[in-house]
Amino acid sequence: MDGGDRDVFERSLRHAVETHSGGPLDAALLELGWTDALAAHTHEAVSILFELEGSLHASSSALDHVLACSLGLDVPPTAGYVLPPLGRRSPPGAVDGAHLAVRGLGTAGLLARETTVVVARAVNTEVAFLVPAADLVLRPVRGMDPELGLVEVSGTVAKDALRPEVVAPSWPAAVALAQLALGHQLVGAARTMLELARRHALERVQFGQPISGFQAVRHRLAETLVAIESAEAVLGAAWEDGSPTTAAVAKALAGRGARTAARHCQQVLAGIGFTTEHEFHHYARRALVLDELFGSSRSLTRELGTELLATRRLPDFAPL
Amino acid sequence: MDLDEFRRSLDDWLDQNEHDLRADPAAKDTLDDQMAQLAKVKRLTYEAGFMRRGWPERVGGLGGSSLLRAYLGEALTSRGLVEPGIYSLTEVLAPTMIDYARPELAATMVPRLLRGDETWCQGFSEPGTGSNLASLSCRATRTEDGWSVTGQKVWTSLAQYADRCVLLTRTGDADSAHRGITALFVDMDSPGIVVRPIETMHGAPEFSEVFFDGVVVPFERTLGEEGQGWSVAMDLLPYERSTALWHRAAYLQQRLGSLLQAAPPGELEPADVGEVAQLLYALRARSRSTQRRLAAGERLGPETSIDKVLVATAEQAVFDLVADGLATGVAVGDDPASERWRREFLYSRAATIYGGTAEIQRNIIARRLLDLGSDR
Ligand SMILES: Cc1cc2nc3c(=O)[nH]c(=O)nc-3n(C[C@H](O)[C@H](O)[C@H](O)COP(=O)(O)OP(=O)(O)OC[C@H]3O[C@@H](n4cnc5c(N)ncnc54)[C@H](O)[C@@H]3O)c2cc1C
């Protein structure tokens, strides 16, 4: 996508995300061709949309399309996707003898689907099952961030009743792409928190001066920017090298960065930021939940460390 | 020559000349030894042409992208052929000379630095002037013979080895702050200069105090114009936070790799290792995009303070991990390997001090990148 096309694409996405959220945003994305763009211009489609959703506090079922795009399964386009359970990046399904046990999450759109795709770990690869939504228990989640519209999915289904069954060897690639999407969404949310706190710091007067003059305040905001830029830099590197390891690092940094942003910005916003009169809390809630999707910063960090200790060597990341 | 071609031919050459490039096995890895090794590696890489790539032809270079310099420093550092701190002074001081020295002076002097014939130092800090650089007081006055410099510098890295010094002096009124500063290029063997090495915490006399008493410096040794010293200093700092920083990142990556090899099983917590590795990813990814902007001819500015925060944070995190994983060696080991880890751990404590402290970087980020207004 060249510069001019990218600008037009971004403007139309921005308009859609500013004016819609949830189901209407899904419809708007279909209409303006985001789903087609996803296949042809994956990087732009994912990074622009998800950063906008993060920064404007919108939600959609775009993550389903992200999974569909990278798994490339021969399934009906109307099928919804079951995401890994909270905090994890492993597939939501487990084959246990004649049964498929399902434990995971879904985007809001899942409630309207008749069929779901459940990826499950098999011996050396992953297999995907088409499971009728009616055979699963779907619980709309309120929790920390009711507006995100997550759905909790669980159930045990007799394996023989399920068809077709397709190998899904690209699960790690699908996880990586979802992590990049969520990484951009977290960066978007963190940037908005920083901007809310920055504006507040310039306007709020205490001790006869804007609180932006106090070094403790300034350094918290500086720290927040450093955390955001770290995540952004690794997101860029992950798009460039296409490696699942780099995508996982980017997601972890984005999750931790958004938590850092929430902590510092909340302190700068102080009383007003603790109220629902101020929009800060929406972003803080969202950051906490997004950090848990497709691997939390904590679990991804521990897994990376475990792997490095096992192999005792560092990959040569971000070469010139 | 593009980067890939450069990378291939440099790697081949380094493989083939491994023996000649290696430090003398009898050397003890003292600072004297490291300086001798640095001079040797610079000379050999200059003669083979690699050290001249990425520098303009008018100062003896062979032209080409600055990415070639970044890769050269990375390759020499990660093969353990040079110590990155002393190697990278070139990356800080040569660009300053190219931008601000009279062309004939730059053409004469820069090749000597690149070839390893000379060592240069950077005389900014003074006993009364650290973070508040604009308050410096080492004075230069006009005389018939040139500038006459009287005053004192402190913590000047490598001054005891240096042939030349990029020196900041006060030429305006005592209260002229950043407006009254002039940068000079001073021969360290000039009469009136006394250099006294200072012992440091990490055990190598890395820096010195330098006394100037009526030192005469010819006018043609002025860098930029009289009163332009502040710009010289400010333009130098982004160099310190770009190519030199990329070299430091390569060094940290190499040391973390060595730690993974050296740490006894069970001594390192997976979560800690993962977090430090992530900091290094972030540093490398950020610094790489800065390298690319530099190579594309972009002017670097206050956004490099983020790079500087990342490198200081990563360096201390890597060596905190060393102190955990190799606790016995670092605390009570007296073998050469433990001594090296200990020295590096202690040196890492300075990462948030030199080149603008961690607090000064955050001040710059707040004022210049977040537009929070003046902090005074
Ligand atoms: C290993 C090493 C090598 C060095 N090499 C050189 C060299 O080659 N050439 C050279 O000129 N100098 C060199 N220095 C000196 C270095 O640049 C100074 O130490 C540094 O600028 C800080 O100055 P200072 O030590 O006087 O600390 P101060 O400026 O006195 O600061 C003390 C503390 O106060 C904090 N502080 C100061 N001002 C502010 C503020 N406005 N807001 C918040 N906090 C503040 C600082 O962050 C610091 O924590 C070197 C130092 C080291 C450690």
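The values are calculated or read from the model by the stated rules, or taken from the named source; none is laboratory data. Keep in mind that what you see is a predicted model, and the values were worked out from it rather than measured. Using ideal geometry, Cβ is built from the backbone for each residue, glycine included, and neighbour counts are taken over all protein chains shown.
Structure notes:
- Qualifying residue in the range A:181-200 (condition: more than 11 Å from chain B (Cβ to nearest Cβ), in contact with a Leu (Cβ under 8 Å, 6 or more places away or on another chain) and β-branched (Val, Ile, Thr)): yes
- Flag if B:ALA48 is more than 12 Å from the ligand (Cβ to nearest atom), surrounded by fewer than 22 Cβ atoms within 10 Å (Cβ to Cβ) and of a type in the set (Gly, Ala, Ser): yes
- Among residues of the range B:352-364 that are more than 16 Å from B:ALA244 (Cβ to Cβ), those with a beta-carbon under 8 Å from a residue that is more than 6 Å from the ligand (Cβ to nearest atom) and of a type in the set (Asp, Glu) at least six positions away or on a different chain give the pairs B:ARG362/A:GLU223; B:ASN363/B:ASP375.
- Among the residues of the range B:294-305, those identified as under 20 Å from B:GLN361 (Cα atoms) and of a type outside the set (A, V, I, L, M) are B:ARG299, B:GLY301, B:PRO302, B:GLU303, B:THR304, B:SER305.
- A:HIS278 vs. criteria farther than 25 Å from A:ALA237 by Cβ, in a helix (DSSP H, G or I), over 13 Å from the mean Cα position of the chain (by Cα) and touching a residue at least 24 places away in the same chain (Cβ under 8 Å): no
- Residues within the range B:197-254 that are assigned to a helix (DSSP H, G or I) and free of Cβ contacts under 8 Å to residues at least 60 places away in the same chain, tallied: 2
- Among the conditions (1) touching a residue at least 60 places away in the same chain (Cβ under 8 Å); (2) touching a helix residue (DSSP H, G or I) at 6+ places or on another chain (Cβ under 7 Å); (3) outside any helix (DSSP H, G or I), the only one that A:LEU196 does not satisfy is (3).
- Members of the range B:269-300 found to be touching a residue at least 40 places away in the same chain (Cβ under 8 Å), among the acidic types (Asp, Glu) and farther than 24 Å from A:GLU303 by Cβ, listed by number: none
- In the set (1) within 30 Å of B:PHE50 (Cβ to Cβ); (2) assigned by TED's automatic domain parsing to the domain that holds B:PHE219; (3) surrounded by 22 or more Cβ atoms within 10 Å (Cβ to Cβ); (4) away from the ligand (no atom under 12 Å from the Cβ), B:ALA162 fails one condition alone, (4).
- Being small (Gly, Ala, Ser), in contact with a Phe, Trp or Tyr (Cβ under 7 Å, 6 or more places away or on another chain) and buried (at least 20 other Cβ atoms within 10 Å of the Cβ) is a condition met by at least one residue of the range A:267-274.
- Qualifying residue in the range B:85-92 (condition: under 22 Å from the mean Cα position of the chain (by Cα), more than 16 Å from the ligand (Cβ to nearest atom) and among the aromatic types (Phe, Trp, Tyr)): no
- For the range B:299-319, the set of residues classified as more than 17 Å from B:GLN254 (Cβ to Cβ) and not aliphatic (A, V, I, L, M) consists of B:ARG299, B:GLY301, B:PRO302, B:GLU303, B:THR304, B:SER305, B:ASP307, B:LYS308, B:THR313, listed by residue number.
- Residues within the range B:1-29 that are acidic (Asp, Glu), assigned to a helix (DSSP H, G or I) and more than 14 Å from every other protein chain (Cβ to nearest Cβ), tallied: 4
- Candidates B:THR200, B:THR150, B:THR171, B:THR156: the one that is touching a Gly at 6+ places or on another chain (Cβ under 7 Å) and within 13 Å of the ligand (Cβ to nearest atom) is B:THR156.
- Scanning the range B:274-303 for residues that are surrounded by 23 or more Cβ atoms within 10 Å (Cβ to Cβ) and more than 10 Å from every other protein chain (Cβ to nearest Cβ) turns up just one, B:LEU294.
- In the range B:119-138, the residue that is nearest to the other protein chains (Cβ to nearest Cβ) out of those that are near the ligand (Cβ under 8 Å from one of its atoms) and in a loop (DSSP other than H, G, I, E, B) is B:SER131.
- Per the conditions (1) buried (at least 24 other Cβ atoms within 10 Å of the Cβ); (2) within 8 Å of chain B (Cβ to nearest Cβ), the sole criterion not satisfied by A:HIS219 is (1).
- Scan of the range A:23-75 for residues that are part of a loop (DSSP other than H, G, I, E, B) and within 15 Å of the chain's Cα centre (by Cα), ordered by number: A:HIS57, A:ALA58, A:SER59, A:SER60, A:SER61
- Residues in the range A:137-173 that are in contact (Cβ under 8 Å) with a residue 40 or more places away in the chain, hydrophobic (A, V, I, L, M, F, W, C) and either closer than 18 Å to A:GLY22 by Cβ or touching a strand residue (DSSP E or B) at 6+ places or on another chain (Cβ under 8 Å) (or both): A:MET144, A:LEU148, A:LEU150, A:VAL151, A:VAL153, A:VAL157, A:ALA158, A:LEU162, A:VAL166, A:VAL167, A:ALA168, A:TRP171.
- Output for the range A:76-107, where each listed residue is buried (at least 23 other Cβ atoms within 10 Å of the Cβ) and assigned to a loop (DSSP other than H, G, I, E, B): A:VAL82, A:ARG89, A:PRO91, A:PRO92, A:THR107
- When residues of the range A:289-316 are limited to those that are among the small types (Gly, Ala, Ser) and in a helix (DSSP H, G or I), the one nearest to the other protein chains (Cβ to nearest Cβ): A:GLY305
- Filter result (touching a helix residue (DSSP H, G or I) at 6+ places or on another chain (Cβ under 8 Å), farther than 28 Å from B:LEU167 by Cα and not aliphatic (A, V, I, L, M)) within the range B:46-73: B:PHE50, B:GLY64, B:SER65, B:TYR71
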